[in-house]
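One structure is given here, and the rest of the page talks about it.
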Amino acid sequence: MNRRLLLITLLAVTPTAVFAAAPSPDTTSTKETAGQSIAQYTADMAAQDGYFPFYWDAKKGTVFLEIPRLDQEFLYVNSLPAGVGSNDIGLDRGQLGRERVVKFVRSGPKVLLVQPNYDFRAVSDDVLERQSVEQAFAQSTLAGFEIVAESDDHVLINFTSFLLQDAHGVARRLEAAKQGNYSVDTSRSALFLERTKNFPENTEFESLITLTGKPTGAWVRSVVPSPEAITVHMHHSLVQLPDDHYHPRAYDVRSGYGITEYMDFATPIDQPIMKRFINRHRLAKVDPAAAMSDAVEPIIYYLDPGTPEPIRSALIEGASWWNQAFEAAGYRNAFQVKVLPADADPMDVRYNLIQWVHRSTRGWSYGASVVDPRTGEIIKGQVSLGSLRARQDLLIAEGLLQPYAEGKPTDPALMKMVLARIRQLSAHEVGHTLGLRHNFASSMNQRASVMDYPHPLVTLDALGNIDLQKAYTIGIGAYDRQAIKFGYSDFAPGTDEATALDAILRDSQRAGLLYLTDQDARPLGGASPTAHLWDNGTGPAAELDRMMAIRQKVLANFSTNALRPGAPLAEMEDVLAPMYLFHRYQVDATSKVIGGLDYTYAVKGDGQLITAFIDPAVQEQALAALLRTLAPSALVLPENLLALIPPRPPGYPRGREHFDTRTEPAFDPLAAAETAADLTLDYLLHPARVSRLVDHHMRDAAQPALAAVLNQLVAATWQSPRGDDYAGEVGRVVDHSVLNHLLTLANNDAASTQARATALATVTALQSWVDAQWEAEPTPAQSAHFQWAQHTIERWLDDPSDFPAPAPLDPPDGSPIGIDSGLGCGI
């Protein structure tokens, strides 16, 4: 069963709920509780008919649920339609709890809401075989209710307490984020009628839930008007499960899809017991034998009508790109995007939605789905897009283009880049709701997929000016077409589906379309030379050098043209930060080449590469490129630029988007240099990477040795000349950062013993070298530098376990240019 966190909600609207008059008392009922039928009990209440009929007692503020189908399974989903508004806490509008298949079970005067255990099954016609598995594993009972009335085979329960609980676990999330201890205050919680509705296939309830407690964190204080009382909306959806006409499609590790999985104990002993199916929408051709056919029922996505222009048009255009992939799979107009009609209700489970989400800070966008846990069928796709993301893209474009020259019109390339990014973002998140995982190897295939995280591809034109014409791709990529073919192709009768699906994957392989996802791209110490976030180009080291050259050009020309007229000059730092760290993600990509391992999701007999060491010469090029990012010439800022950054004025405090400073209130150029150096060193000296260097050199002497890598690092930093000027101070900052990282590595249990020993040997060699430098009568600045190094090393050698490692500076927020997350969570 799929265990993903599904981050989605139903679009926030506030139509007035319409309750029908309750039916007249049923005097002919033969079954009654406490002498009353359901009709009699609810005679004075407002009623809503639908999937689960319910009744509202306005005098008591209670909701009664009529259960017309005991022992019949349905889907229960809780969500957070109105959240806290802090990306750090992670309780956003647009967040959904996991789906659960449940059923109401009666026992005497009680009804229990029971969740069967679909992780373990026996898919068999044998009742006793199924029963043996059901009895072997525990179920979960989510709630219990007293029956207040009944008529024939229908029962009525008071559903109010179930709706007023902290179903989404907000209190747990706040406590885990160290924001305080909270609990539900029922006196300040109530049903939210405007979003409590009934439909033929789903019943929707929403509540205003107030949690009270003692706030202890800055995040909650920054977004809640009175942080001792946090009021959020919690939504409960009771959804009819799909019929049994859906055909699950077997999962293949090469396919690029998310999965639903379970153990099937009815499986023959010579077959795999774990069953895995891809998550996808139901889609079929009118004529499966035709090369091109209409769909029996097209997949339609609806856009939040509250999305402003020109964002609205960009989102529609980007999402609509997916029809190109469905056409490649043989469908005519099978994927459509429309603005949600005024008479449509977004709570209706039949509507796939794209919604525009607001937060106090830029944050994640999500593409997620409500999935049938039994089969992997996507019932409802929903995209949540963070509105501040466009402003971050604008900030990056402002730094690159410096577009606000006095007396000149703003460069139109500014908004062109922003809207190009929004189109790609829309396509990416919709791709998740179609079932697709990230593909972080596609940038190595000429940006072959929108399911990668795209760093803007910045080039120089013939005159040497910044050119954003190719910043983002247009349309669906070659990989995306193949992925949709695998997931949604409807084959002609008589076709061997397994063979046809394997042929699609082999076509992708022959075309060189790589696929690697989150587990291979996100780790700080990742090994894949191809799976990276926010990279470009087929050669990571060459692209890093190219980006550093563009970065240097931008910094050399940086001026007040980066600011809108009337903006405080202190905001120069806001635009400067993403430019100064413009190379940060390519550093990640380049570092993975060192001690890297090339591999694929190979399947027995498919002929793909299984594993291979990286060419030592390529690793040497990568190391050289990384070491160039530590050179003072790469880290100093022009004096005329530093003179343009004053302390922050009132109303513009220093925050997470800025560099830390030790020179408060002034901007600290040395802290900026230290931050950039730490980013490179964090990647290069990650314990997994250095441990692989030891392992690979042991197995192949041609592979770089860790000792050689560390010696080159020391030579490029400590053993390079340092003057008494700004560049010299930057060099000394970098030197101390190197020393601190080496000592931390030597003390790190996560690294192999030999890797730690090599780090220690490098430190002791450095200590001897520093001793020798004093004989050359260094300048006062260098003498102090060497003395501090000796003091630091001696303290560490005296007691490594008691050594207080210096706290690193927090870098300005990077992701999201996009985000960090798994399937369902995009950029």
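For Ile269, all conditions in the list (1) closer than 17 Å to Leu353 by Cβ; (2) free of Cβ contacts under 8 Å to residues at least 60 places away in the same chain hold save one; what is the number of the exception?
Ile269 satisfies every listed condition except (1).
Out of region 690-702, which residues are surrounded by 21 or more Cβ atoms within 10 Å (Cβ to Cβ) and in contact with a strand residue (DSSP E or B) (Cβ under 9 Å, 6 or more places away or on another chain)?
Arg692, His696
Considering region 748-799 alone, what residues qualify as being hydrophobic (A, V, I, L, M, F, W, C) and open to solvent by less than 40 Å² (accessible area, probe 1.4 Å)?
Of the residues in region 748-799, the ones hydrophobic (A, V, I, L, M, F, W, C) are 750-751, 755, 757, 759-761, 763, 765-766, 769-770, 772, 774, 776, 781, 784, 786, 788-789, 793, 796-797.
Answer for region 748-799, where residues must be hydrophobic (A, V, I, L, M, F, W, C) and open to solvent by less than 40 Å² (accessible area, probe 1.4 Å): Ala751, Ala755, Ala759, Val763, Leu766, Val770, Ala781, Phe786, Ala789, Ile793, Trp796.
Sort through His741, His785 and tell me the only one that's over 17 Å from Asn711 (Cβ atoms) and in contact (Cβ under 8 Å) with a residue 12 or more places away in the chain.
Values: His741 fails: over 17 Å from Asn711 (Cβ atoms).
The unique qualifying residue is His785.
Which of (1) crowded, with 16+ Cβ neighbours inside 10 Å; (2) in contact (Cβ under 8 Å) with a residue 24 or more places away in the chain; (3) over 29 Å from Ala755 (Cα atoms) is the odd one out, the single condition Pro649 does not satisfy?
Against the list (1) crowded, with 16+ Cβ neighbours inside 10 Å; (2) in contact (Cβ under 8 Å) with a residue 24 or more places away in the chain; (3) over 29 Å from Ala755 (Cα atoms), Pro649 comes up short only on (1).
Hey, can you tell me all the residues within region 245-281 that are assigned to a loop (DSSP other than H, G, I, E, B), within 25 Å of the chain's Cα centre (by Cα) and within 22 Å of Asp490 (Cβ to Cβ)?
Once the filter is applied, which keeps residues that are assigned to a loop (DSSP other than H, G, I, E, B), within 25 Å of the chain's Cα centre (by Cα) and within 22 Å of Asp490 (Cβ to Cβ), region 245-281 yields Tyr251, Asp252, Arg254, Ser255, Gly256, Gly258, Asn279, His281.
Filter region 800-813 for residues that are in a helix (DSSP H, G or I) and not hydroxyl-bearing (Ser, Thr, Tyr); which is least open to solvent (accessible area, probe 1.4 Å)?
Pro800
So which strands (runs of 3 or more DSSP E) are wholly in region 311-430 and hold at least 2 residues that are open to solvent by less than 10 Å² (accessible area, probe 1.4 Å)?
In region 311-430, 352-357, 365-371, 378-386 are the strands (runs of 3 or more DSSP E) which contain 2 or more residues that are open to solvent by less than 10 Å² (accessible area, probe 1.4 Å).
Pick from Gly475, Gly537, Gly525, Gly494: which is assigned to a loop (DSSP other than H, G, I, E, B), of a type outside the set (D, E, K, R) and over 25 Å from the mean Cα position of the chain (by Cα)?
Going through Gly475, Gly537, Gly525, Gly494 in turn, just one is assigned to a loop (DSSP other than H, G, I, E, B), of a type outside the set (D, E, K, R) and over 25 Å from the mean Cα position of the chain (by Cα): Gly494.
The values are calculated or read from the model by the stated rules, or taken from the named source; none is laboratory data. What you see is a predicted model; the values in this text were computed from it and never measured. All Cβ positions, glycine included, derive from the backbone under ideal geometry; neighbour counts span all protein chains shown. All accessible areas refer to the heavy atoms of the entire protein, side chains included, with ligands and DNA or RNA removed. Shrake-Rupley method; radii C 1.70, N 1.55, O 1.52, S 1.80 Å.
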